[in-house]
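Take a look at the structure set out below.
The values are calculated or read from the model by the stated rules, or taken from the named source; none is laboratory data. Computed from a predicted model, the values in this text were never measured in an experiment. Positions of Cβ are backbone-derived with ideal geometry, glycine not excepted, and every protein chain shown enters the neighbour counts.
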């Protein structure tokens, strides 16, 4: 028995350059100067992550104030917004620059879905995290 052949003709021709329909976006980039629906959605998501990432005993204003006082955070905010990383090429932030976003208040940074805690608050954030773990362990002992 012979296999049936499809009546559909397949075109396996390779398209290159400007004639490649899959290459449209690289030849027609979005104008990033305007707030598009996608841009607004991204900004809302970054704001949500910022607000929900703060430990319960730490306020957003506390993180914002510490971020404003942290020269490294300020340099990263400037680099992210300007896309100029020349002064931070040796920084740990440079390695993950594609994952960083600046909140709309331009005072805080998120990496993926996590808030970047300024150096001055890192010890407090760790203490709060360990305190919460101890509370959970104590509840399980009852």
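Return yes when residue 26 is closer than 15 Å to residue 125 by Cβ, out of contact with any helix residue (DSSP H, G or I) (no Cβ under 6 Å at 6 or more places or on another chain) and modelled with pLDDT under 75 and no when it is not. Answer is no for this residue.
Residue pairs, Cβ under 8 Å, 6 or more apart or interchain, first in the range 90-105 and closer than 21 Å to residue 63 by Cα, second part of a loop (DSSP other than H, G, I, E, B). List them. Every condition considered, the pairs that remain are 97/85; 99/112; 100/116; 102/108. Do we have any residue at all in the range 34-52 that's in contact with a strand residue (DSSP E or B) (Cβ under 8 Å, 6 or more places away or on another chain) and either part of a loop (DSSP other than H, G, I, E, B) or at pLDDT 90 or above (or both)? No: zero hits. Of the numbered criteria (1) surrounded by fewer than 17 Cβ atoms within 10 Å (Cβ to Cβ); (2) modelled with pLDDT of 90 or more; (3) farther than 23 Å from residue 40 by Cα, the one residue 67 fails is (1). Hey, among the residues in the range 106-142 that are assigned to a loop (DSSP other than H, G, I, E, B) and exposed (fewer than 12 other Cβ atoms within 10 Å of the Cβ), which one's modelled with the highest pLDDT? Per the criteria, the residue is 112.
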